[in-house]
Amino acid sequence: DKCLVMDFAQLDYISSAGLRGLLVTAKLLKASGGAIRFANVGGNVKSVFDMSGFVSMFPIDDSVAVAIGALA
């Protein structure tokens, strides 16, 4: 299976185009039997994820290590 962990620790901003890119990536991974998890989502990005509903659509972990462990 293909799995992807995205670390948002250094990200301060995400645009609607960025959100669409994440959705497309997640759909492609799911279609091939894979999974995606997000780690270290905070600040403005967390607010955007809350408003867009991403927090209910995708697993969000406190660290990359936790995300990798969840995929193992």
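The values are calculated or read from the model by the stated rules, or taken from the named source; none is laboratory data. Just so you know, these numbers come straight off a predicted model, no measurement behind them. As a convention, Cβ positions derive from the backbone with ideal geometry for all residues, glycine included, and neighbour counts pool all protein chains shown. Surface areas here come from the heavy atoms of the whole protein model, side chains and all, with no ligands, DNA or RNA. Shrake-Rupley method; radii C 1.70, N 1.55, O 1.52, S 1.80 Å.
Restricting attention to the range 32-65 and to residues that are polar (S, T, N, Q) and touching a strand residue (DSSP E or B) at 6+ places or on another chain (Cβ under 9 Å), the residue that is nearest to TYR13 (Cα to Cα) turns out to be ASN40.
What helices (runs of 4 or more DSSP H) lie completely within the range 27-72 and have 3 or more residues being over 19 Å from ASP1 (Cβ atoms) and open to solvent by less than 50 Å² (accessible area, probe 1.4 Å)? So the answer is 43-52. Quick one: is GLY18 on the phi > 0 side of the Ramachandran plot and either of a type in the set (S, T, N, Q) or open to solvent by less than 60 Å² (accessible area, probe 1.4 Å) (or both)? Here the answer is no, as GLY18 does not meet what is asked. Pairing each residue of the range 1-20 that is of a type in the set (Phe, Trp, Tyr) with any residue that is surrounded by 11 or more Cβ atoms within 10 Å (Cβ to Cβ) and not in a loop (DSSP other than H, G, I, E, B), provided the two are 6+ apart or on different chains, yields C-beta distances under 8 Å for PHE8/PHE38; PHE8/ALA39; PHE8/VAL45; TYR13/ASN44; TYR13/VAL45. Of all the listed residues (LEU71, LEU11), the sole one being modelled with pLDDT under 95 and more than 10 Å from the chain's Cα centre (by Cα) is LEU71.
Mind listing whichever residues of the range 2-26 are in contact with a Leu (Cβ under 7 Å, 6 or more places away or on another chain) and assigned to a loop (DSSP other than H, G, I, E, B)? Scanning the range 2-26 gives a single hit, LYS2.
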